[in-house]
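The values are calculated or read from the model by the stated rules, or taken from the named source; none is laboratory data. Computed from a predicted structure; not experimentally measured. Note: ideal-geometry Cβ built from the backbone for every residue, glycine included; neighbour counts use all protein chains shown.
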Amino acid sequence: MKEKINPLRKYIRNGKLPHFFCPGCGCGQILSYFLRAVDNLQLDFKKIVTIGGVGCTARIPIYLNTDSLHGVHGRTLAWATGIKLYRPDLKVVIFAGDGDLVSIGGNHFLHATRRNLDVTVIMVNNFNFAMTGGQVAPTTLFNSVTMTTPYGSKENTLDVCKLAVCAGATYVSRWSTAKPIQTIKAIKKALQHKGFSLIEILSQCPTNFGRYALKTSDTEEVLKWIENKSILKTKAKKLSEQELKDRFVLGEFIHKKRPVFQGTTFLKEEDN
Amino acid sequence: MFIHIDDKICKGCKLCVRICPNNVFQMKNKVNDKGFVIPEVVNENRCTKCKLCELTCPDLAIFVKK
């Protein structure tokens with residue numbers, strides 16, 4: 001019987017599957033991509049701490065067999081700062097949705113990137129607040145219908161990757177669930193990178209975003225919509241800004257070295 | 001038989017049916033105990049073991065043995 005199950009399931013807590021995500025949700029795919037990246041790098045799973053806030057994506061750490069935190073909305077990076085300062089030898093991975101990381105935890109995001117905290121942030125962008133029923137989020141596209149904007153959202157979209165690059169992150173890339181190989185490569189790079197690394201993964205939400213904005217609950221249609229809207233960075237260079245409006249540029253935006261935030265000297269003296 | 005689908009944790013999202021280039025899977029009348037219609041392996045001889053279905057499955061339900 002053991003030969004017939006996926007070997008990646010050794011990283012999942014006993015009896016936790018099947019998980020809570022809707023059929024066809026991208027969060028499950030991202031869970032499997034992360035496991036593949038860790039399996040490929042042969043990392044020690046006991047030296048990883050995973051953190052999730054509140055939301056669909058933030059439930060991913062519940063299924064992983066690592067030490068994990070799960071609690072207040074948007075405060076994932078605040079906890080990560082605490083863990084990283086006290087135990088710099090641990091690898092901290094954050095799973096957060098777009099609403100969790102840049103809407104409610106927006107200030108923590110800015111200051112963690114500014115300090116260049118040594119954490120890996122996997123941000124799953126499904127264009128709305130999915131767990132609470134599909135409300136408008138900062139990443140929702142202009143004029144798209146959600147539960148709280150029945151006549152179309154009239155707010156401009158926040159480009160999280162650009163924000164992170166401006167604030168001082170040292171590894172930033174954006175991929176989608178429809179591109180598994182590139183996503184796994186990016187996660188591997190981010191796990192090995194020393195400094196603040198952000199991977200934004202565009203993910204499908206057929207239950208809420210698909211139903212309200214695209215008028216379909218079919219996973220395939222939502223995935224096709226994301227694939228049609230996204231464009232590679234090399235191809236996007238030739239296009240004008242007007243043509244790139246409402247499109248997602250995929251690729252690696254920055255990869256550089258910068259001193260990592262290690263806390264105050266006071267803490268270090270006491271440690272010795 | 002080298003393609004294994006775990007009936008208990010599959011949710012029938014059809015992502016494997018969509019991604020398979022050789023139409024190995026088919027959604028028929030097979031229903032699991034939670035009421036989801038789940039895919040069946042119909043043409044296993046067409047499989048080239050590219051493992052795209054295993055890669056894309058959100059529920060870690062598919063395993064392709066080498």
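crowded, with 19+ Cβ neighbours inside 10 Å and touching a strand residue (DSSP E or B) at 6+ places or on another chain (Cβ under 8 Å): does that describe residue A:67?
So residue A:67 does not fit the description; no.
Just give me the residues in the stretch B:17-52 being hydrophobic (A, V, I, L, M, F, W, C) and within 11 Å of chain A (Cβ to nearest Cβ), in sequence order.
B:17, B:19, B:36, B:37, B:38, B:52, listed by residue number.
Do we have residue B:52 as in contact with a helix residue (DSSP H, G or I) (Cβ under 7 Å, 6 or more places away or on another chain) and on the phi < 0 side of the Ramachandran plot here?
yes
Does residue A:86 satisfy the condition of being at pLDDT below 90 and of a type outside the set (Gly, Ala, Ser)?
yes
Test residue B:2 against the stated conditions and say whether it is within 13 Å of another protein chain (Cβ to nearest Cβ) and more than 22 Å from residue A:21 (Cβ to Cβ).
yes
Determine whether residue A:217 is in a loop (DSSP other than H, G, I, E, B) and surrounded by 14 or more Cβ atoms within 10 Å (Cβ to Cβ).
yes
Could you pull out every one of the helices (runs of 4 or more DSSP H) wholly within the stretch A:34-145 that has 1 or more residues that are among the hydroxyl-bearing types (Ser, Thr, Tyr) and farther than 23 Å from residue A:169 by Cα?
Counting at least 1 such residues, we get A:60-63.
Inside the stretch A:162-190, can you point out the residues that are outside any loop (DSSP other than H, G, I, E, B), of a type outside the set (S, T, N, Q) and over 18 Å from residue A:101 (Cβ atoms)?
Those that are outside any loop (DSSP other than H, G, I, E, B), of a type outside the set (S, T, N, Q) and over 18 Å from residue A:101 (Cβ atoms): A:180, A:181, A:184, A:185, A:188, A:189.
Can we say residue A:113 is touching a residue at least 24 places away in the same chain (Cβ under 8 Å), farther than 16 Å from residue A:28 by Cα and polar (S, T, N, Q)?
For residue A:113, the condition - touching a residue at least 24 places away in the same chain (Cβ under 8 Å), farther than 16 Å from residue A:28 by Cα and polar (S, T, N, Q) - is met.
Please find, within the stretch A:13-33, the residue that is surrounded by the fewest Cβ atoms within 10 Å (Cβ to Cβ) out of those that are more than 7 Å from chain B (Cβ to nearest Cβ) and farther than 17 Å from residue A:126 by Cβ.
So, considering only residues that are more than 7 Å from chain B (Cβ to nearest Cβ) and farther than 17 Å from residue A:126 by Cβ, the one surrounded by the fewest Cβ atoms within 10 Å (Cβ to Cβ) is A:15.
Restricting to the stretch A:240-264, count the residues that are more than 27 Å from residue A:190 (Cα to Cα) and either modelled with pLDDT under 85 or not in a loop (DSSP other than H, G, I, E, B) (or both).
Total meeting the criteria: 0.
Based on this model, can you work out whether residue B:17 counts as of a type in the set (A, V, I, L, M) and under 10 Å from the mean Cα position of the chain (by Cα)?
Considered against the rule, which asks whether it is of a type in the set (A, V, I, L, M) and under 10 Å from the mean Cα position of the chain (by Cα), residue B:17 comes out as yes.
What are the residues in the stretch A:35-62 that are within 14 Å of chain B (Cβ to nearest Cβ) and in contact with a strand residue (DSSP E or B) (Cβ under 7 Å, 6 or more places away or on another chain), if any?
Within the stretch A:35-62, A:56, A:57, A:59, A:60 meet the criteria.
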